[in-house]
Amino acid sequence: MPEIGSTAVAQAAARLRENVARVIVGKQEAVTLLTVALLCEGHVLLEDVPGVGKTMLARSLARSLDLRFQRVQFTPDLLPSDITGIAFFNQKSQEFQFRPGPVFTNVLLADEINRATPRTQSALLEAMAERQVTAEGETRALPRPFLVLATENPIELEGTFPLPEAQLDRFLLRVDLGYPTRDEERLIARRFQFGSPLDSLASVLGADDLPDLIGAVRRVHVAEPVEGYIVDLVRASREAPGVALGASPRATLALFRGSQALAAINGRSFVLPDDVKRLALPVLGHRLILTSQSHLRSQSATAVVADLLERVPAPVEDAIPAGT
C-alpha cells in the first residue's frame, strides 16, 4: 500500500471538522487543535467554564471517528481503581479475574479532573505517558488510539485539587473554548430545538485510518531553522522573567510534533514558523509555573508566551527549504 501524504491528511481533517460542525457551532480553532492532538497521539486539557460544550465536543469527536468513548465524573471520593479497574474473585471459576476500568477505551473524558484527589489523578499518569495500566502486578496495554480529554473549571476553586506539574506536562495541548457569539448562540438554540444532532451523527473516519494519517504527519519536513526556533522558544521559557518553572523537553517534542500535524492539516509537507507560533500558547501555556510575584502582579502565562514570541527571533520563511 503506497504511503499517503499531507494532502490526504488535510482531506481527512476537513471531513472530520465538517462532521463535528454538524453538532458544535463555531469553535473551529478548538476542533483543529483536537485534530492536532489526535494526529500526535496526545492528550488535551479543556479548560473553561461549565456549559460551553466541552463534553459535547468530546462525544462528537469520538462519534465522528467511530471510537469507543467513556466518561468519568471525577469527584473527591473517586478511587484509582474506579479508573483503572479491579481484580475480583470469580466464585464460578474459583480464580481472580481483572475487570477493566473505563480507561480501557479510545477516548476518555475525565470530567472535572481537578475535583479528584492527587492520588486518583495520578492513576492516569502511566496511562497518558505509556499507554498502559499496571494493576495487581500485571501491566496491560491500552487500545490505540488512546486520547484523554480532561475538563477543568478555572474559576471554581472550592473543593478542587490543583493538577500537579507532572500531570499538566502530559497534556499535549490546553484548549479554551470560550463563549459563543450572539449569532452562534442563536444557531445553537435552533439546532438543538427538537433534540441533539449528536444522536444522528455518523462517522467519517475509522480507527483503522489513523495509523496511516499519523505516519504521514511524522514524515512532514521540519527544516533546521524551524527546529532551532522550536528549541529556542522552549529554552527561553525557562529563563523568562516571572517564571519559576519553564517548559520541559517534553514540551519541545509536543511543539515539534504538533507543528508537523498542523502543517499536514493545512496540506503542507513542511512546517512554517507560523505553525509553531500558532501552537506556542496551547502547548506552552499550561506548562509554565509563574512565581508568586507574577501572580501578585496579575501576570499570566498567556502574556509570558506572547513575550517569548516577541523576543525569540523566528527564521525567515524564504530561507526555509520546503523539504520533500
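What follows draws every value from the coordinates through simple rules; no lab data is involved. For clarity, every value in this text was computed on a predicted model and none was experimentally measured. When we count neighbours, we look across all protein chains shown, and the Cβ atoms used for this are built from the backbone with ideal geometry, even at glycine.
Placing unit charges on the Cβ atoms of the charged side chains and taking the dipole of the stretch 221-324 about its Cα centre, the candidate lying farthest along the positive direction among Ser298, Leu281, Gly228 is Ser298.
Quick one: if the Förster radius is 35 Å, what FRET efficiency do Arg190 and Thr302 give, using the C-beta to C-beta distance and rounding to 0.05?
My answer for the efficiency is 0.55.
Loop-located trypsin sites (Lys or Arg not before Pro) in the stretch 90-181 (DSSP state not H, G, I, E or B) with no more than 10 neighbouring Cβ atoms inside 10 Å: Lys92. By its C-alpha gyration tensor, with a ≥ b ≥ c as the square roots of the eigenvalues, how is the stretch 1-155 shaped: rounded for a/c under 1.5, else prolate for a/b larger than b/c, else oblate? It is oblate, given that a/c is not under 1.5 and a/b is not larger than b/c. Residue exposure proxy: Val9, Val175, ordered by other Cβ atoms within 10 angstrom of their Cβ from fewest to most, comes out as Val175, Val9.
With a cut-off of 19 Å, note down the residues of the stretch 115-143 whose backbone N falls inside the zone around a label point 7 Å from the Cα of Phe98 toward its beta carbon. Zone members listed by number: 122-143.
Could you state the number of Å between the C-alpha centres of the stretch 158-197 and the stretch 37-113? For the stretch 37-113 versus the stretch 158-197, the Cα centre distance is 17 Å.
What is the stretch 221-324 by shape, rounded, prolate or oblate, if you read a ≥ b ≥ c off the alpha carbon gyration tensor as root eigenvalues and call it rounded for a/c under 1.5, prolate for a/b larger than b/c, and oblate otherwise? Here the stretch 221-324 falls in the prolate category. Using a Gaussian network model of the chain in which every pair of alpha carbons under 10 angstrom is joined by a spring, one finds that among Phe161, Phe146, Phe256 the greatest mean-square fluctuation is at Phe161.
Among the GluC sites (Glu not before Pro) in the stretch 108-142, those located in a DSSP loop and surrounded by at most 13 other Cβ atoms within 10 Å of their own Cβ are Glu136.
Each residue of the stretch 164-181 was assigned a 3J(HN,Hα) from its phi angle through the Karplus expression (A = 6.51, B = -1.76, C = 1.60, θ = phi - 60°), giving x, 4, 5, 6, 4, 5, 8, 8, 4, 9, 10, 10, 9, 7, x, 6, x, 6 Hz with x at Gly and Pro.
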